[in-house]
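For reference, the structure is listed below as structure tokens.
Values in this text are rule-based calculations from the coordinates and carry no lab data. As the structure is a computational prediction, the values presented were derived from the model and not from experiment. FYI the Cβ positions are ideal-geometry reconstructions off the backbone, even for glycines, and counts take in every protein chain you see.
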Number of protein chains: 2
Amino acid sequence: MATHRIVIVGGGFAGLWATRALRRAPVSILLIDRANHHLFQPLLYQVATAGLSSPDIAAPLRHILRGQENVEVRLATVERVQPDARRVHLDDGSSVDYDTLLLASGATHAYFGHDDWAPFAPGLKTLDDALLLRRRLLLAFEHAEAETDAEKRRAWLSFAIVGGGPTGVELAGTLAEIARHTLRREFRHIDPASARVRLVEAGPRILSSFPELLSAKAQKQLERLGVDVVTGSPVEAIDAQGYRSNGLFVPARTVVWAAGVAASKLARSLGVELDRAGRVPVLPDLTVPGHPEIFVAGDLATVIQKDGKPVPGVAPGAKQMGSYVARVIRDRLAGRPPPPPFRYRDYGNLATIGRMAAVVDVHGLKLSGLFAWWFWLAAHVFFLIGFRNRLSVLINWAIAYWSYQRAARIIIGHKNDDAG
Amino acid sequence: MATHRIVIVGGGFAGLWATRALRRAPVSILLIDRANHHLFQPLLYQVATAGLSSPDIAAPLRHILRGQENVEVRLATVERVQPDARRVHLDDGSSVDYDTLLLASGATHAYFGHDDWAPFAPGLKTLDDALLLRRRLLLAFEHAEAETDAEKRRAWLSFAIVGGGPTGVELAGTLAEIARHTLRREFRHIDPASARVRLVEAGPRILSSFPELLSAKAQKQLERLGVDVVTGSPVEAIDAQGYRSNGLFVPARTVVWAAGVAASKLARSLGVELDRAGRVPVLPDLTVPGHPEIFVAGDLATVIQKDGKPVPGVAPGAKQMGSYVARVIRDRLAGRPPPPPFRYRDYGNLATIGRMAAVVDVHGLKLSGLFAWWFWLAAHVFFLIGFRNRLSVLINWAIAYWSYQRAARIIIGHKNDDAG
């Protein structure tokens, strides 16, 4: 009998965890990813805000999996799935057949039908996104320094982060710290501390996935760091000069999109109905209706649990789905009965806000402020893959903590590659 | 009396050392650079070969100079100098007047009239260059892994480094180590160790600035690391498939240019005769003939000393020129007689070859092999600017040394951004 062929699309938390959980299974795995690395996405905002460099939060997939002999890694983009032929088509024109498929290609940022906003309000999903954001944020201060017109200068010193979820909160808090502390004394014509950082949220409160008490605490902490938190403010337009909300135009040369995600377009080729965000509603065993040989996991999947609650789009959810899919596959191949439906184990919810400020909601334990920040720090360093990365991240953070400096304030790429 | 205005173009070794040596002078300095950072160029090849990340070898100019109150830093490109008006013109259309000008905009790689080779054989002068090279080098192995045709696969596993100077030697040695050690066990269809790394030199020996004995030792060490050293082999053509030398076409999908540099084009606007490489032949006090208010230093200058020897284009030379220019300016402003003509103090010549191999020529002391490598390591860590960088570099190197791993094997940028 030929070896069972598994194709896994995406080397994020879901895909990588599934791959590793199949290390002793009698299968042959092809892991396909567009990037050559697994990315520790929860710290991506640190690369965007010049605190960490790319290799600190990324590790080559080949290296992670070099010892797992039933895996082959391929650097490629999957264009579409052909479910009836059990085949995926790659961007280089070739195709690969599978017996079992796991789609875990994640999400990208989405502009809710306003794709024309993209050039003016980049999002944050990949390392390239992070380096673009870093360039824009650092260059805004340079433009302000060179600008002689007071009004234009103010527009360069106005930053808007659209979306009050964890990413928006992290970006806003860190940017305020950069403006107030990191850049102090470095400019001659502007005072970076006069920069305005607005966190613009459409809904009534930021961090809506947290209890209301913690949302309120997070807002207070952000305000103490110098962020203007603007809630109830859906964005209606964005261009190179600023954004409009509630009918009012707000000048801001640098706008960052942290508001919406949409599932990878790959899901469309499955031929099943998707939810509003383009995700695949999967069965309780994470397979696609009508296709028990196709699994979907991570941000690409919508999983409604028995209690009616959806699994949140966070790293632990993706890891758990990945491991679960591996378990279903192993049981099938061994002729065992299937495991019980997937159930998300919620270990809690963390968000960092800035220097020594965070909110934590773990098993009913609600923390905010300095202690929550230490909790957040420990959890993130612990979960970073690879000894080297952990050490390097710790050192960078320790130095940043004492000196207010940010190690990676290096502009890469063309300096004119901005919206202006 | 108005403050004496000094414009310094370029924040490399020459420009930065001049700026710092003027910290107590009664002047107002404008330091203009295209990049926001000072770059420790001697380690740039480590970024290209994925051993270090960009922030390890770069530091923001603003940050370095934040405490020096007579300096203003501007991120801009100088388009041309207008010597009669004592004015420089920037790319944003604005201009700046000076009383004294220091041009230290350095060199870029040059293709000796074959600019059409540039897309197929990128060079290494900036961080963006290094990241492009890193992408090409890492992607070549990915292409080879995906290729099914044996001959095409061999072409992807063939690398040519054109130019046997220090940069070429460093790149070739490190690339051989990556192929033989770092990538071991990570691929399923290719053996990375079968990659051919050719170091192609037009002249009769590599490292021609070193004594012949050390050139020979370096060649032996390179060959032990797995590099094919090809001397007496001027390159006649380069395209996406390979290069031609001595009438013979050699397939190689990845060619790196480490052969020629030319001075920054800015020199042309001075209206004086330049040397063959586009450098400015300066007077013994590093001023431009006919323009005592214009200094040129670093790779942009040709300085012939009393003994007829030119100052080599290395970091210590640039630093010494920068400090010298500052001294001339200080003496002038104080009404003191000028200092004696510039004289290069030669502390020796170092080149690293690869894992535990280097050559050192210091005051007649000639070393090669492991001891030379430790010497090289100590010198480079010592001269890296900034505590954080030094520590991070040391840690990365220590880990690389023990594990053969390279911390920065992360492909950034579009994967199709290659010559193929």
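Order these by the 10 Å Cβ neighbour count, fewest first: A:S54, A:S208, B:S323. Write out the running numbers ahead of the final one.
Working: A:S54 24, A:S208 13, B:S323 17.
Starting with the residue having the fewest Cβ neighbours, the order is A:S208, B:S323, A:S54.
Want the number for B:K309 to B:H4: 0.36 nm per residue separation, take away the alpha-carbon distance, what's left? Don't jump to the answer; show the numbers that get you there.
Working: separation 305, 0.36 × 305 = 109.80 nm, distance 3.40 nm.
Residue separation times 0.36 nm, minus the Cα-Cα distance, leaves 106.4 nm.
Quick check: Cα centre of the range B:142-213 to Cα centre of the range A:87-133, how many Å?
Value for the Cα centre distance between the two parts: 33 Å.
Could you give the size of the charge dipole of the protein assembly as shown about its Cα centre, using +1 on the Cβ of each K and R and -1 on the Cβ of each D and E, expressed in debye and rounded to the nearest 20?
Numbers: 100 positive and 80 negative charges, 466 e Å.
The calculated dipole for the protein assembly as shown is roughly 2240 debye.
Mind listing the label-point distances from B:G113 to the same position on all other copies, shortest first, one decimal in nm, points 7 Å along Cα→Cβ?
Spelled out, the distances from B:G113's label point are 6.2 nm.
Say each of B:A240 and A:A240 gets a label point 7 Å from the Cα, pointing the same way as Cα to Cβ; how far apart are those two points in nm?
Using points 7 Å along Cα→Cβ, the separation is 3.3 nm.
Quick check on chain A: helices-only [θ] at 222 nm, where DSSP H runs of length 4 and up contribute -39,500 (n - 2.57) each and the sum goes over total residues. Nearest 500, please. Each step should come with its number before you reach the end.
On the way: 10 runs with 121 residues, N = 420.
The helix contribution divided over chain A gives -9000 deg cm²/dmol.
Quick one: with label points 7 Å out along Cα→Cβ, list the inter-copy distances for B:G369 in nm, shortest first?
Copy-to-copy label distances for B:G369: 6.4 nm.
Relative to the Cα centre, what is the charge dipole magnitude of the range A:96-176, using +1 at the beta carbon of each Lys and Arg, -1 at the beta carbon of each Asp and Glu, and rounding to the nearest 20 debye? Mind showing how you got there, number by number?
Details: 7 positive and 12 negative charges, 69 e Å.
Roughly 340 debye, rounded to the nearest 20.
Sorted from fewest to most neighbouring beta carbons within 10 Å, what does the list B:Y324, B:Y344 look like? All intermediate terms of the calculation are to be shown ahead of the outcome.
Details: B:Y324 25, B:Y344 17.
Fewest-to-most ranking of B:Y324, B:Y344: B:Y344, B:Y324.
Report the calculated FRET efficiency for A:F382 and A:S269 (r = Cβ-Cβ distance, R0 = 41 Å), to the nearest 0.05. Please report the intermediate quantities before stating the final value.
Details: r = 37 Å, r/R0 = 0.91.
Approximately 0.65, to the nearest 0.05.
Would you please give the FRET efficiency between B:D128 and A:L333, computed as 1/(1 + (r/R0)^6) with r the Cβ-Cβ distance and R0 = 45 Å, to the nearest 0.05?
Details: r = 48 Å, r/R0 = 1.07.
Calculated value: 0.40.
Between B:H189 and B:W374, what FRET efficiency comes out of the Förster formula 1/(1 + (r/R0)^6) with R0 = 35 Å and r the beta carbon distance, rounded to 0.05? Before the final figure, lay out each step's value.
Values: r = 38 Å, r/R0 = 1.10.
Between B:W374 and B:H189 the formula returns 0.35.
Looking at the square roots a ≥ b ≥ c of the eigenvalues of the Cα gyration tensor of the protein assembly as shown, which shape do they give, rounded for a/c under 1.5, prolate if a/b is larger than b/c, or oblate?
Numbers: a/c = 2.18, a/b = 1.34, b/c = 1.63.
Oblate shape, in that a/c is at least 1.5 and b/c is the bigger or equal ratio.
Packing-wise, with mean Cβ within 10 Å as the measure, how do A:122-129, B:290-297 rank, highest first?
Numbers: A:122-129: 20.4, B:290-297: 22.1.
Sorting A:122-129, B:290-297 by mean packing, highest first, produces B:290-297, A:122-129.
So in the range B:144-230, what percent of DSSP beta bridges are antiparallel if you round to the nearest 5?
Working: 0 of 9 bridges.
So the antiparallel bridges amount to about 0 percent of the total.
Considering the rotation that carries chain A onto chain B, locate the chain A residue whose Cβ comes closest to its axis and report the distance in whole Å.
Rotation axis A onto B, closest Cβ, rounded to whole Å: A:S53, 2.
Cα-Cα over 20 Å: which of B:K125/B:K152; A:K125/A:K265; B:K217/B:K366; A:K220/A:K366; B:K217/B:K306; B:K220/B:K366?
On the way: B:K125/B:K152 30 Å; A:K125/A:K265 15 Å; B:K217/B:K366 11 Å; A:K220/A:K366 16 Å; B:K217/B:K306 32 Å; B:K220/B:K366 16 Å.
From the list (B:K125/B:K152; A:K125/A:K265; B:K217/B:K366; A:K220/A:K366; B:K217/B:K306; B:K220/B:K366), the Cα-Cα distance tops 20 Å for B:K125/B:K152; B:K217/B:K306.
Of all DSSP beta bridges located in chain A, what percent are antiparallel, nearest 5? Please list the in-between numbers first.
Working: 33 of 66 bridges.
That works out to approximately 50 percent antiparallel.
Which distance in nm do the two modelled labels at A:D115 and A:A25 give, with both placed 7 Å along the Cα-to-Cβ direction?
3.5 nm
Using the number of other C-beta atoms within 10 angstrom as an exposure proxy, rank B:L300, A:L394 with the fewest first.
On the way: B:L300 29, A:L394 13.
So the ranking, lowest neighbour count to highest, is A:L394, B:L300.
Between B:A216 and B:Q68, what is the spin-label point distance in nm, taking each point 7 Å from the Cα along the Cα→C-beta axis?
Between B:A216 and B:Q68, the simple spin-label model gives 4.6 nm.
Any idea what the A:G290 label distances to the other copies are, label 7 Å down the Cα→Cβ vector, nm, shortest first?
Output for A:G290: 8.1 nm, nearest copy listed first.
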